[in-house]
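Notes follow the structure.
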Amino acid sequence: MLDAIDRQLVAATQNGLPLVADPYRAIAETAGVDEATVIARLKHLLAQGAIRRLGAIPNHYTIGLTANGMAVWDVADDAVGEVGARVGALEFVTHCYERPRHLPWWPYNLFAMVHGHARDEVLEKVARITDLIGAAARGHDVLFSTRILKKSGLRIAA
């Protein structure tokens, strides 16, 4: 159960960390607690699973990464965890996860988001991933973004 301070911290960070030199200090000032308390409570919320991650949220389009491709692979179920960990560790993959197949229409179970300045750059990165996966990949595709959708998770008020 979240107490009042935890709720304030979740509300203050749910859109990402403030883009300032000392983001935890800025959150502390807003919440009326000290910086060490903010850090300790956020670590506790992460450990509890009350929040999944914490970080700055860049706008890919604003920083020039206008080619965005969701790369998908068909990987054997017994290998997808290990393969996904390797793909997710690449510096140019912003997120990587497993999803169920929907046969016969959708054979893919490993997803990785790749950003670039142009489609050719994204395709080159996807080729690098495909080489990394090797024979574990039975097929793949890239789905390019065609428009920006508002993305947000659960939001709570302070």
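The values are calculated or read from the model by the stated rules, or taken from the named source; none is laboratory data. Small disclaimer: the values here were computed from a predicted structure and weren't measured. All Cβ positions, glycine included, derive from the backbone under ideal geometry; neighbour counts span all protein chains shown.
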Out of Gly84, Gly69, which single residue is assigned to a helix (DSSP H, G or I), in contact with a Phe, Trp or Tyr (Cβ under 9 Å, 6 or more places away or on another chain) and not hydrophobic (A, V, I, L, M, F, W, C)?
Gly84
Residue count for segment 79-102, restricted to those that are over 18 Å from the mean Cα position of the chain (by Cα) and either small (Gly, Ala, Ser) or modelled with pLDDT under 95 (or both):
1
Out of Asp22, Asp6, Asp78, sole residue that is more than 30 Å from Ala136 (Cβ to Cβ) and surrounded by fewer than 14 Cβ atoms within 10 Å (Cβ to Cβ)
Asp22
So which of Ile27, Ile63, Ile39 is without any contact (Cβ under 8 Å) to a residue 40 or more places away in the chain, touching a Ser or Thr at 6+ places or on another chain (Cβ under 7 Å) and either surrounded by fewer than 12 Cβ atoms within 10 Å (Cβ to Cβ) or farther than 21 Å from Ala127 by Cα (or both)?
Ile27
Which one is farthest from Ala127 (Cα to Cα) among residues in segment 87-111 that are in contact with a Phe, Trp or Tyr (Cβ under 8 Å, 6 or more places away or on another chain) and of a type in the set (Ser, Thr, Tyr)?
Tyr97
